[in-house]
């Protein structure tokens, strides 16, 4: 089945130790998004790619970076995780901007 | 700035009841509205998407309506089942990225 896949599902990292989260899609969608969701809160968009064009939200900390080496894969890099970065990270795709978004299962990040 | 509110924050109903979840948004200039389901510790599953030109969408026991002028949407769930227990989020797309509400946590009691 076509889908959005996130690896790993659970990630534990140490304070300040760089970590990379992975997202892949078999939908061949043009747009890929990364959201951060903290407990009992709404998902918050960090950034998105339209094809190779990167769009960063104004309030996304510099600590968060992203790479999209090809249509199928997108990575979220957290350069120096702090305790406040512990959250669920959700990847989503859409065929075009403004179209229906399809989400992956998320990666739960714990920072110790 | 678009703001999305979902009331109530939590809802508990006995199995078999029909129920309505509410979503309101402050800026009526939207392209579409999407309803999602989220199980604990999991990602979001898209349930229904309503384009701004549409009034409602139906999928199985779910029916979503949209009144753009008043900034409201409702998700109607018919004959609720324990498996419907989850958090339901609505999100609106306008000129800004998708803006989510905080969700309504639904518990259906057998």
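What follows draws every value from the coordinates through simple rules; no lab data is involved. Predicted, not measured: the structure shown is a model, and the values here were computed from it. Glycine also receives a Cβ, built like all others from the backbone with ideal geometry; neighbour counts cover every protein chain displayed.
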Task: Calculated Rg and Dmax of segment B:45-93 using C-alpha coordinates, Å - done: 11.3, 34
Open item on the list: Let me test this: with uniform point scatterers at the alpha carbons of chain B, what is the Debye-based log₁₀ I(q)/I(0) at q = 0.10, 0.16, 0.20 1/Å?
Closed with: -0.25, -0.65, -1.00
TODO: In nm, give the distance between the simple-model label positions of residue A:38 and residue A:97, each being 7 Å from the Cα along the Cα-to-Cβ direction.
DONE: 2.8
Task: Calculated FRET value between residue B:53 and residue B:78, using beta carbons and R₀ = 22 Å, to 0.05 - done: 0.30
TODO: Calculate, axis by axis, the spread of Cα positions in the protein assembly as shown along the three principal axes, and write the results as whole Å, longest axis first.
DONE: 49, 37, 36
- [ ] In nm, give the distance between the simple-model label positions of residue A:26 and residue B:3, each being 7 Å from the Cα along the Cα-to-Cβ direction.
- [x] 4.3
Open item on the list: What is the distance in Å between the Cα centroid of segment B:10-60 and that of segment A:9-61?
Closed with: 23
Task: Computed P(r) (all Cα pairs; chain A; 5 Å bins; percent) - done: 2, 13, 24, 26, 19, 10, 4, 1
Open item on the list: Suppose R0 equals 35 Å. What FRET efficiency, 1/(1 + (r/R0)^6) with r the Cβ-Cβ distance, do residue A:3 and residue B:70 give to the nearest 0.05?
Closed with: 0.45
- [ ] Shielding by partners for A:36-46, please: the mean number of other protein chain Cβ atoms within 10 Å of each residue's Cβ.
- [x] 4
Task: Calculated FRET efficiency for the pair residue B:39/residue B:18, C-beta based, R₀ 25 Å, to 0.05 - done: 0.70
- [ ] Give me the number: length gained by fully extending residue B:102 to residue B:63, i.e. 0.36 nm times residue separation minus the C-alpha to C-alpha distance, one decimal in nm.
- [x] 12.0 nm
